[in-house]
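Student: Please find one structure pasted underneath; my questions will follow.
The values are calculated or read from the model by the stated rules, or taken from the named source; none is laboratory data. Because the structure is a prediction, the values reported are computed rather than measured. We place every Cβ from the backbone using ideal geometry, glycine too, and count neighbours over all the protein chains shown.
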Amino acid sequence: MVELKMIKDITVLDPQTIGLTVVLTTPACPLKNRIHDDIDAALAVLPGSPKAQIKWDSMVSRTGGIPNKQQVEGVRNIISVGAGKGGVGKSTCAVNVAIALSQLGARTGVLDADVYGPNVPILLGAEHEKPMAENEKIIPIQRYGIKMISLGFFIEPDKPAIWRGPMLSGAVRQFLFDVNWGELDYLVVDLPPGTGDVQLTMSQSIPMTGAVVVSTPQDVSTADVGRAIQMFNTLKVPNLGLIENMSYFLCPHCGERTEIFGHGGAKALAERMNIPFLGEIPLDHRIREGGGQGVPLMVSDPDSPLAQVYRDVASSLAAQVSVRNFKQASFIPLRTI
Ligand SMILES: Nc1ncnc2c1ncn2[C@@H]1O[C@H](COP(=O)(O)OP(=O)(O)OP(=O)(O)O)[C@@H](O)[C@H]1O
Ligand SMILES: [Mg+2]
Ligand SMILES: [Zn+2]
């Protein structure tokens, strides 16, 4: 950690306490406790066995430049959320995980690129907002600590939009480049389900950090999930992991856990396809109600065990982003100064 320059400002506060700052690659780091323990263990061998008093800081790594792809200014990482088919809870996951990242201290945005059902504004209780423009850039709507832009703001409700290839890629590009996102650590993109034009446009026009695939236990057994994962492989978009949504049911009365559609399918699939498994989100009426009322669970009940599940998923995801950027950076030869 010292060699990686992750430790700063070491000061002896008193003979029993060493103050130091640890700079992480994400504020959502899942290893904080372990790092604290390791530092205490390292200090324990010193005379008097002082304890560490740690200040946490972070510098979120950025997905590096990829030739022929235009960076989105100020946005360090673009994470797409996809699914093999519709209705698996992709948008609900995208929104709650984005809020979790923001609550953990990361500057986070959501881009709703689901042309067939752009419902992120509804999930965030912002469906009546109208984004403004300033200096020829669209200003994102801010809700619950995150910035958000949706195709839903620009099409008429209840009128299904017919999107053809060029129009579609134009719209998606506009949401990336003509929106004033400011400085963001993570931009979470809610993609349409399946494998189609938006996925293609996204992966071709910008350096995407990677993609997350959401599935339910019952559709793990179908070919759809595998196909979605394969598509990202084909498009050379790194697979950051698989989330199993509606994984199990916790009875609100007795707390008993019921695995309605079996257990472990998504995890096994992730292992088979050699991608990380990011976690299991239970089927819970509070998650659905939160979406319906425009107040996601992460906002209405941030201290619940259920919110902790989303935070764990968000931490695992942030860790995968760091790993991915680290691996990519190690392939870039260092320039001699
Ligand atoms: N873990 C969960 N527990 C209970 N209900 C959930 C859960 N996740 C999602 N839902 C509910 O399932 C429905 C579908 O979720 P959502 O709209 O997020 O799915 P989607 O995959 O984005 O769908 P679409 O393909 O239409 O975009 C919603 O009513 C949502 O509230
Ligand atoms: Mg959706
Ligand atoms: Zn019960």
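Student: Mind telling me which of the residues Val88, Val75 ends up being more than 16 Å from ligand 1 (Cβ to nearest atom) and among the aliphatic types (A, V, I, L, M)?
Tutor: So the residue among Val88, Val75 that is more than 16 Å from ligand 1 (Cβ to nearest atom) and among the aliphatic types (A, V, I, L, M) is Val75.
Student: Let me ask another. Taking the criterion of being more than 16 Å from ligand 2 (Cβ to nearest atom) and of a type in the set (Val, Ile, Thr), would at least one residue in the range 42-53 satisfy it?
Tutor: Yes.
Student: Given the conditions (1) over 25 Å from Leu283 (Cα atoms); (2) crowded, with 18+ Cβ neighbours inside 10 Å; (3) among the acidic types (Asp, Glu), report the number of the one that Asp112 does not fulfil.
Tutor: Of everything listed in (1) over 25 Å from Leu283 (Cα atoms); (2) crowded, with 18+ Cβ neighbours inside 10 Å; (3) among the acidic types (Asp, Glu), Asp112 misses just condition (1).
Student: Can you find even one residue in the range 224-232 that is touching a Ser or Thr at 6+ places or on another chain (Cβ under 7 Å) and surrounded by fewer than 17 Cβ atoms within 10 Å (Cβ to Cβ)?
Tutor: Looking through the range 224-232, at least one residue is touching a Ser or Thr at 6+ places or on another chain (Cβ under 7 Å) and surrounded by fewer than 17 Cβ atoms within 10 Å (Cβ to Cβ).
The rows are residues; the columns are (1) surrounded by 16 or more Cβ atoms within 10 Å (Cβ to Cβ); (2) over 30 Å from Ile243 (Cβ atoms); (3) assigned by TED's automatic domain parsing to the domain that holds Ser102.
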residue	(1), (2), (3)
Pro27	yes, no, no
Leu31	no, no, no
Ile35	yes, no, no
Ala42	no, yes, no
Leu46	no, yes, no
Val72	yes, no, no
Lys85	yes, no, yes
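Student: If you don't mind, there's one more thing I want to ask. Hey, among the residues in the range 171-210 that are in a loop (DSSP other than H, G, I, E, B), among the acidic types (Asp, Glu) and under 20 Å from the mean Cα position of the chain (by Cα), which one's farthest from Thr25 (Cα to Cα)?
Tutor: Applying the filter and picking the extreme gives Glu183.
Student: While we're looking at this one, here's another question. Of all residues in the range 204-231, count the ones that are at pLDDT 85 or above and not aliphatic (A, V, I, L, M).
Tutor: Total satisfying the criteria: 10.
Student: Checking the conditions here, which among Ala270, Ala211, Ala319 is buried (at least 22 other Cβ atoms within 10 Å of the Cβ), more than 15 Å from ligand 1 (Cβ to nearest atom) and under 30 Å from Lys32 (Cβ atoms)?
Tutor: Ala270
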